[in-house]
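Down below is the structure, laid out as structure tokens.
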């Protein structure tokens, strides 16, 4: 959702002030003034209702802002928690990768060891095979020569004791050698089996270890993917909340501007009511004085007529004419009709080409479809700004999206208008000040939500909140 508030400050403001000075009260009779006072009182009551509605909107908006901030705090905490999990997961993945590297090194070392064991196994197998051949020869010899009985014959064949000792020693040596060969053969066979088992066991263990670590790493990578997805979701939600918060803050500022406009209009209407009542009092006093003067003149005329009637009966007709002529008829009050057409009542507040027309358009800053409640004139900053018609300044200050803005209330031919001039670089008038058509009231600029120097100009019928195309009212 895009923010489109620049030219939609008030959605439903009622009529602005009809006037704030006597020259702008169009009523010429007491009845007209009574009607205008009643209208102003009604509009004042409507303003009070609008103020209450805006205050309720402001309260609701403040509640939404607090709810938004609370959600932002929650999401920030969730993002922090996910970030901690991501940090830990990344560290765990790093550790698993190091473990995999170490396991790969173990496998590499084990492969080297396996190659050495294979070489040792080949040597052992060769030695075992050689002993097998030797042992087969020995067994064959023993079998052919009678086995141990042959050793006894050798011993008993000794010629002397010394010869017996020598023969015994030789026999023992032969038997020890046979025993050693057998023991070495058994040891080599055992070593051969152990080496084969060691190679297989270590290979299986290391490969299982690598599979386990790789599986753990895949789980961590999957967890990281989930956490990344959660982080993206939370980041998107946070961006949405921040955008919503910006919109709510702008609505808050807009509502504050509305309240300020309503306060200014309420003051202006109170001034207009007081001025209308004062003028009504003046007209009533003038009427009373005029009635007394006419009555006195009539009494004097009647007395003069009676005196002449008594002395000059013949000239009674003439006297009657004189009395009629001496009785003045109250002057007929002019009743100016509203002949002014709907267009041509305002002069251009500044001279320049129109760069943006009235009506729907894409917002130049925030995007999105919106309503442009006025027209833009392409003028340089500092260009003199003049009042488009006689009127009273209702607002002259900085507003958030309008920047420096002047609003003038006009009462022309029985109708109320409000003109708006925004993005000014200078304001030379103040609220409640009376201005004349063509009078310098400030200078154009580039303040508020603006893409470049220009003048934004609006016309509202019946007071602010009812925008019309200004081109239909310019001359």
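Annotations for the structure displayed:
- Residue in the stretch 163-175 that is assigned to a helix (DSSP H, G or I), exposed (fewer than 11 other Cβ atoms within 10 Å of the Cβ) and modelled with pLDDT under 80 present: yes
- Of the residues making up the stretch 368-395, those that are crowded, with 22+ Cβ neighbours inside 10 Å and under 15 Å from residue 429 (Cα atoms) number 8.
- Within the stretch 442-462, not a single residue is surrounded by fewer than 19 Cβ atoms within 10 Å (Cβ to Cβ) and under 14 Å from residue 386 (Cα atoms).
- Test result for residue 55, in the same structural domain as residue 241 (by TED's automatic domain parsing) and under 32 Å from the mean Cα position of the chain (by Cα): yes
- Exactly one residue out of 375, 461, 406 is free of Cβ contacts under 8 Å to residues at least 40 places away in the same chain and either closer than 29 Å to residue 252 by Cα or touching a helix residue (DSSP H, G or I) at 6+ places or on another chain (Cβ under 6 Å) (or both), and it is 406.
- Residue match in the stretch 404-421 (condition: assigned to a strand (DSSP E or B), surrounded by fewer than 15 Cβ atoms within 10 Å (Cβ to Cβ) and at negative phi): no
- Within the stretch 204-218, being over 11 Å from residue 96 (Cα atoms) and free of Cβ contacts under 8 Å to residues at least 40 places away in the same chain holds for 204, 205, 208, 211.
- Conditions (1) surrounded by 17 or more Cβ atoms within 10 Å (Cβ to Cβ); (2) touching a residue at least 12 places away in the same chain (Cβ under 8 Å): number failed by residue 64: (1)
- Checking residue 335 against (1) modelled with pLDDT of 90 or more; (2) assigned to a loop (DSSP other than H, G, I, E, B), the condition it does not meet: (1)
The values are calculated or read from the model by the stated rules, or taken from the named source; none is laboratory data. Keep in mind that what you see is a predicted model, and the values were worked out from it rather than measured. Reconstructed Cβ throughout: ideal geometry from the backbone, glycine too, with neighbour counts over all protein chains shown.
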